[in-house]
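> Mind having a look at this structure? Questions to follow.
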Amino acid sequence: MSEHYNLLIDLGNTSIKTCLYRGSQGIDSTLDIQIFENAKLMIAYFQEHSWRQVDELLPAVTVSSYRISKVVVSNVNNARVEQQIKRLGQVLSADVMFTQTQASLFGLQNSYKTPTNMGVDRWIAMLACKHLCNDDFIVFDLGTAITTDAVVNNVHIGGWIAPGYMTLKSSLLQNTTRVFADNFQLTQKTDFGTDTPECVERGILSQIQGGFELAVKNMQKYSNNFKIFVTGGDKSKINLSQFNNASYSDNLVLRGLTLFVD
């Protein structure tokens, strides 16, 4: 007889991230794609799929030894994608749950007067961080947009939304005539460049790094003891070498979704 598992889906603006999760033990700090075998909660490795082809998820979740009983979703994409996920649930004969941002949940209080105005991925990531540490924290998610959210005494005190790395770069290149870039440059350096591609790369990174450091400085006004979580596909664009209380975190939204498994 096949075992029952839960399919967790993080529907972003440009990609879908999924994993299979077993049990109702809540979030596990060891839940990581590099060491998931030790966590004993994951039975499939993390995968990314084009959001345009949700049906591509089917081969990953319909292996004969798996039985998907519940699909839990964080969606910042659009309604059309939700319809595809609902269809996926029908194919799998599984219940589908679309998480929503709320005024308070699992001991975390939201600062938004209209909670649903906050992207659910930000909310789920904060829930994950709250359950990964007992301290105040600030979380940075670097994707299509860069979001910053601060939590003090289990209360979300506010945050920022700014353009992400590729959004900044594409906007610059599309709105200038003689500025060009090298997409193969990989660096965390923010000192001055000596040619145009280097100046573009380091200029964008300096904006991202500067925003990060200003947010940390602001957080120090509210808390003397806090953790810094940095996540998202472009998380490595931030240099954490000067911050002992900071760490890169993989898949915070997926981790947070485990909290919604009965």
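> Given the criterion out of contact with any Ser or Thr (no Cβ under 8 Å at 6 or more places or on another chain), at pLDDT below 90 and aromatic (Phe, Trp, Tyr), identify the matching residue among PHE192, PHE226, PHE180.
On the way: PHE226 fails: at pLDDT below 90; PHE180 fails: out of contact with any Ser or Thr (no Cβ under 8 Å at 6 or more places or on another chain).
Answer to the selection: PHE192.
> In addition: Scan LYS86, LYS70 and give me the residue that is more than 23 Å from THR231 (Cα to Cα) and either modelled with pLDDT under 55 or outside any helix (DSSP H, G or I) (or both). Let's see the steps before the verdict.
On the way: LYS86 fails: either modelled with pLDDT under 55 or outside any helix (DSSP H, G or I) (or both).
Of LYS86, LYS70, the one residue that is more than 23 Å from THR231 (Cα to Cα) and either modelled with pLDDT under 55 or outside any helix (DSSP H, G or I) (or both) is LYS70.
> Name the residue that is nearest to GLY210 (Cα to Cα), counting only residues in the stretch 146-156 that are surrounded by fewer than 20 Cβ atoms within 10 Å (Cβ to Cβ) and in contact with an Asp or Glu (Cβ under 9 Å, 6 or more places away or on another chain).
Of all residues in the stretch 146-156, those surrounded by fewer than 20 Cβ atoms within 10 Å (Cβ to Cβ) come to 152-155.
Add one more test, that the residue is in contact with an Asp or Glu (Cβ under 9 Å, 6 or more places away or on another chain), and what stays is 152-154.
Details: VAL152: 22, ASN153: 26, ASN154: 26 Å.
Step by step, filter the stretch 146-156, then rank; the result is VAL152.
> A further question on this structure: Can you tell which of VAL139, VAL91, VAL81 is at negative phi, in the same structural domain as GLU213 (by TED's automatic domain parsing) and of a type outside the set (Ser, Thr, Tyr)?
Details: VAL91 fails: in the same structural domain as GLU213 (by TED's automatic domain parsing); VAL81 fails: in the same structural domain as GLU213 (by TED's automatic domain parsing).
Answer to the check: VAL139.
> Follow-up. Using the structure shown, decide if SER249 is in the same structural domain as MET126 (by TED's automatic domain parsing), more than 21 Å from the chain's Cα centre (by Cα) and surrounded by 17 or more Cβ atoms within 10 Å (Cβ to Cβ). Explain how you work it out, then say what you get.
Numbers: in the same structural domain as MET126 (by TED's automatic domain parsing): yes; more than 21 Å from the chain's Cα centre (by Cα): no; surrounded by 17 or more Cβ atoms within 10 Å (Cβ to Cβ): yes.
So SER249 fails the test.
> Sticking with this one: Mind counting the residues in the stretch 205-248 that are in contact (Cβ under 8 Å) with a residue 60 or more places away in the chain and of a type in the set (Gly, Ala, Ser)?
Kept after step one, since they are in contact (Cβ under 8 Å) with a residue 60 or more places away in the chain, are these residues of the stretch 205-248: 208, 211-212, 215-216, 218-219, 222-223, 225-235, 237-238.
Still in the running and of a type in the set (Gly, Ala, Ser): 211, 215, 223, 232-233.
Residues in the stretch 205-248 being in contact (Cβ under 8 Å) with a residue 60 or more places away in the chain and of a type in the set (Gly, Ala, Ser): 5 in total.
> Considering the stretch 73-83 alone, what residues qualify as being of a type outside the set (D, E, K, R) and at pLDDT 80 or above? Before you say what the answer is, go through the steps one by one.
Step one: filter the stretch 73-83 for residues of a type outside the set (D, E, K, R), giving 73-79, 81, 83.
Answer for the stretch 73-83, where residues must be of a type outside the set (D, E, K, R) and at pLDDT 80 or above: VAL73, SER74, ASN75, VAL76, GLN83.
> Residues to consider are CYS129, CYS133; find the one that is modelled with pLDDT under 95 and closer than 17 Å to PHE226 by Cα.
Details: CYS129 fails: modelled with pLDDT under 95.
Of the residues listed, the single one that is modelled with pLDDT under 95 and closer than 17 Å to PHE226 by Cα is CYS133.
The values are calculated or read from the model by the stated rules, or taken from the named source; none is laboratory data. Keep in mind the model is a prediction, meaning the values are calculated, not measured. All Cβ positions, glycine included, derive from the backbone under ideal geometry; neighbour counts span all protein chains shown.
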